[in-house]
Amino acid sequence: LDVFDSIKAVLDQLKTDGYDIGDAPSTKEEIMESVLNDPEARISSPELNVAYRMSTDEYYELTPYATELEENWGPAPGNLNSDGQNLVVYGKQFGNVFIGVQPSFGYEGDPMRLLFAKSASPHHGFAAYYTYLEKIFKADAVLHFGTHGSLE
């Protein structure tokens, strides 16, 4: 699956159907560049475009189950999808379309944890991403491209 070619095809169809895709790039390479490369990224940070910074106050206010995640991850913001003070949402908005980068599950270093843990929960950055989509961006639909989307 060529993720960015697929995203380009969907953007093209959305534009044809009259949806507002703003100034979305016209090539898959430009789409990839705009979503994955942040001109302000530090050398030690992932080079992903930061679309939104959610304060921990906003996160706890908008995410009713946030305190339940503390059992596995401690208090927000944690160290995944965080700048140390805020939870960060990676992606780029074009008109009424948001192309986001879903956070990792946070168990990559310990894959057996998902199989044997009595409780496993998403980390705060993962929860903040979907809180952003639902309550701030107010997405009417979510399409996953690539592998292992959490809503499969």
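The numbers here are math on the coordinates, done by the rules we state, and not lab data. Everything numeric in this text was worked out from a predicted model, so none of it was measured.
A cut-off of 5 Å between modelled amide H atoms, ignoring neighbours fewer than 5 places along the same chain, links THR63 with no other residue. Across the range 61-108, C-alpha contacts under 8 Å between residues 6 or more apart give a mean separation that, scaled by the residue count, equals a relative contact order of 20 percent.
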